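Report on the structure given below.
The values are calculated or read from the model by the stated rules, or taken from the named source; none is laboratory data. Treat the numbers as computed from the prediction; the structure is a model and nothing was measured. Positions of Cβ are generated from backbone atoms using ideal geometry, with glycine treated the same way; all protein chains shown enter the neighbour counts. Quick note on the areas: whole protein, heavy atoms, side chains included, nothing else; ligands and nucleic acids left out. Shrake-Rupley method; radii C 1.70, N 1.55, O 1.52, S 1.80 Å.
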Amino acid sequence: QVHLVESGGGLVQAGGSLRLSCAGSGSAFVGYKMAWFRQAPEKEREFVASINWNGGAASYADSVKGRFTISRDNVKNTLYLQMASLKPEDTAVYYCAAGQPSWIRSNEYTYWGQGTQVTVSS
């Protein structure tokens, strides 16, 4: 069992930056692939970025590529999402997830956090 808690969300102006954190506790954090998803009002939850168990490989949605960076610290059991050049369309609740999905961009992650709100004003 892995318990995930996101933090770092907030209100930021367009063009600004935020860093989200996802603290994990419980079972072996290091063994899981991890990812960030987001869900805007009245929209489906969508993939943002994922990272493999040792941080050696990452994947990004086209909409955030070049602006967002996913990373993890397996000693601190923490996942990060550094967001830069934020746009109003990045406004959403951001969720971290852990698991062994058959496809890293799917929703097939076993463990999910409660989400943190990111609001980007124009």
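What the table below lists for this structure:
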read-out	value
Selected residue (criterion: nearest to Leu11 (Cα to Cα)) from residues of the range 94-104 that are touching a residue at least 60 places away in the same chain (Cβ under 8 Å) and open to solvent by 10 Å² or more (accessible area, probe 1.4 Å)	Tyr95
Cβ-Cβ under 8 Å pairs, at least 6 apart or on other chains, the range 108-122 side among the aromatic types (Phe, Trp, Tyr), far side in a loop (DSSP other than H, G, I, E, B) and open to solvent by less than 40 Å² (accessible area, probe 1.4 Å)	Tyr109/Pro101
Failed item, numbered, when Tyr32 is tested on (1) free of Cβ contacts under 8 Å to residues at least 12 places away in the same chain; (2) open to solvent by less than 60 Å² (accessible area, probe 1.4 Å)	(1)
Qualifying residue in the range 108-118 (condition: in contact with a helix residue (DSSP H, G or I) (Cβ under 7 Å, 6 or more places away or on another chain), assigned to a strand (DSSP E or B) and under 16 Å from Phe37 (Cβ atoms))	yes
